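Trainee: The following block contains the structure, expressed as structure tokens.
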Amino acid sequence: GRIVANSAATDKAALGADFSRQAHIVTALRDGRARIGIPRPSIGNGNPVPILPLGVPIVGQDGRPLGVLQGTLTLTRLSADLATIRVGHTGFVSLVTSDGLIIVHPRADRLLTPAGREAPNVPDDMSLVDRLAGRATDDDGTVFWSRVPIEAASWSIEARLPVHEVYA
């Protein structure tokens, strides 16, 4: 579970760090399968960036995991990719974890922050259809939103469209 090498030519501060308790490392070693980790700030350099770690087992000839290859995806890059999706003129797509952490958003300052006021309030007793679409108020006013769960990652992808665009 310790970092023994990294590809950052100018930043070796993370070498030796113990990642053995991180979920993606545990799953890769225990179950021998790849796993998406918990989104977090990068470590090692003086200017952390929001990342998504990915763990893939390194398997020996006998089929048992020997170690884990960890890769990372910067959430700013993923956000830029998803920002190309058009939702009306000013709407957007975001990605939120099951515990309400924003991991993809067109505004970089929202990455790795709680959804808070932006999160639609969805009571447990609502129907499945009502849980997947609705109307909410956020910093930009009233919006229509729709969400689709991504069960493999315990995330939801959400699209928001300002109401004023619909009725314009």
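The values are calculated or read from the model by the stated rules, or taken from the named source; none is laboratory data. Being a predicted model, the structure only gives us computed values, none of them experimental. Please note: Cβ atoms are built from the backbone with ideal geometry, for glycine as well, and neighbour counts cover all protein chains shown. The area values use the complete protein model at the heavy-atom level, side chains included, leaving out ligands, DNA and RNA. Shrake-Rupley method; radii C 1.70, N 1.55, O 1.52, S 1.80 Å.
Trainee: Taking Gly100 as the residue in question, decide whether it is open to solvent by 30 Å² or more (accessible area, probe 1.4 Å) and at pLDDT below 90.
Mentor: Taking the combined requirement at face value, the residue does not satisfy it.
Trainee: Pairs only if they're at least six apart or on different chains, beta carbon under 7 angstrom, first in the range 37-48 and closer than 17 Å to Ile25 by Cα, second of a type outside the set (Asp, Glu) and modelled with pLDDT under 75; list them, first residue then second.
Mentor: Close Cβ pairs (under 7 Å, with a partner that is of a type outside the set (Asp, Glu) and modelled with pLDDT under 75) amount to Ile43/Ala14.
Trainee: Go through the range 27-78 and count every residue that is open to solvent by 70 Å² or more (accessible area, probe 1.4 Å) and touching a Gly at 6+ places or on another chain (Cβ under 7 Å).
Mentor: 4
Trainee: Show the residue pairs meeting these rules: Cβ distance below 6 Å; 6+ apart or different chains; first residue within the range 6-32 and part of a loop (DSSP other than H, G, I, E, B); second residue modelled with pLDDT of 85 or more.
Mentor: Matching pairs, first to second residue: Phe19/Ile25; Gln22/Gly37; Gly32/Pro57; Gly32/Pro65.
Trainee: I'd like to verify a number: residues in the range 153-168 that are in contact (Cβ under 8 Å) with a residue 40 or more places away in the chain and open to solvent by 50 Å² or more (accessible area, probe 1.4 Å), how many?
Mentor: 3
Trainee: Any residue in the range 72-93 that is under 20 Å from Pro41 (Cβ atoms) sitting within a Cβ distance under 9 Å of a residue that is assigned to a strand (DSSP E or B) and open to solvent by 60 Å² or more (accessible area, probe 1.4 Å)? List the pairs, counting only those 6 or more apart or interchain.
Mentor: Sorted first by the residue in the range 72-93, then by its partner, the pairs are Thr72/Leu54; Leu73/Leu54.
Trainee: Further, regarding this structure: Would you point out the residue of the range 4-26, among those that are under 13 Å from Gly71 (Cβ atoms) and open to solvent by 30 Å² or more (accessible area, probe 1.4 Å), that is modelled with the lowest pLDDT?
Mentor: Ala8
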